[in-house]
Amino acid sequence: MANHILKCRKCGAYSLSKECGNCGSACVLCQPSKYSPEDKYGKYRRQYIKEHSGMKKGGY
Ligand SMILES: [Zn+2]
């Protein structure tokens with residue numbers, strides 16, 4: 001299964017195994033660009049700001 005792509009934390013090389021073939025360091029799971037927590041929570045953040053913007057204007 002080559003569904004998940006791992007990325008070396010040290011040299012940044014992509015690998016399909018847990019060990020980097022370039023430097024031998026541990027590789028971590030590379031999150032797909034689809035998954036963006038910023039966007040996911042950005043919606044709620046904007047909603048939150050919208051709801052609270054009436055209380056403190058121009059603050060922050
Ligand atoms: Zn590496």
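Has region 28-38 got any residue that is of a type outside the set (Gly, Ala, Ser), at pLDDT below 90 and part of a helix (DSSP H, G or I)?
For region 28-38, residues of a type outside the set (Gly, Ala, Ser), at pLDDT below 90 and part of a helix (DSSP H, G or I): present.
Mind listing whichever residues of region 13-27 are surrounded by 13 or more Cβ atoms within 10 Å (Cβ to Cβ), more than 7 Å from the ligand (Cβ to nearest atom) and either assigned to a loop (DSSP other than H, G, I, E, B) or not hydrophobic (A, V, I, L, M, F, W, C) (or both)?
Correct list: Tyr14, Ser15, Glu19.
Could you please let me know if Tyr48 is surrounded by fewer than 10 Cβ atoms within 10 Å (Cβ to Cβ) and at pLDDT below 90?
no
The values are calculated or read from the model by the stated rules, or taken from the named source; none is laboratory data. Values in this document were obtained by computation on a predicted structure and should not be read as measured data. For neighbour counting, all protein chains shown are included, and Cβ atoms are generated from backbone atoms with ideal geometry for every residue, glycine included.
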